[in-house]
Amino acid sequence: EEIATRGYALDCEEFVPGLTAIAVPVQDAVGKVWGAISVHGPSGRMPVKEAVTRLPALLGAAKRMADLL
């Protein structure tokens, strides 16, 4: 529910120690989710603050993908 409200997901070493990830959904014009785009990186090089700076680029990529649906 929190992820849906926020519009993106963060994984701060929850599944893989040493790995941080941020992801956004790819949705069509009516809001149906078709997939997701994510960026992963070593937590030492991509802490949470750095991951969140990638959000605008991820959202743009998701929008471009959705336009193809």
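Each reported figure results from applying straightforward, stated rules to the coordinates on display, with no laboratory input. Nothing here was measured: the structure is a model prediction, and the numbers come from that model. For neighbour counting, all protein chains shown are included, and Cβ atoms are generated from backbone atoms with ideal geometry for every residue, glycine included.
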Taking region 7-31 on its own, how many of its residues are out of contact with any strand residue (DSSP E or B) (no Cβ under 8 Å at 6 or more places or on another chain), within 27 Å of residue 67 (Cβ to Cβ) and surrounded by 10 or more Cβ atoms within 10 Å (Cβ to Cβ)?
-> 0
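Count, please, the residues in region 37-56 that happen to be of a type in the set (A, V, I, L, M, F, W, C) and farther than 10 Å from residue 24 by Cβ. Walk me through it before giving the result.
Applying the first criterion (of a type in the set (A, V, I, L, M, F, W, C)) to region 37-56 yields 37, 39, 46, 48, 51-52, 55.
Next, only the ones that are farther than 10 Å from residue 24 by Cβ stay: 46, 48, 51-52.
Matching residues across region 37-56 total 4.
Output the strands (runs of 3 or more DSSP E) that fall wholly within region 1-55 and possess 2 or more residues being of a type in the set (Lys, Arg) and touching a residue at least 40 places away in the same chain (Cβ under 8 Å), or say none. Spell out the reasoning first.
On the way: elements: 9-12, 19-27, 33-42.
Per the criteria, no element qualifies.
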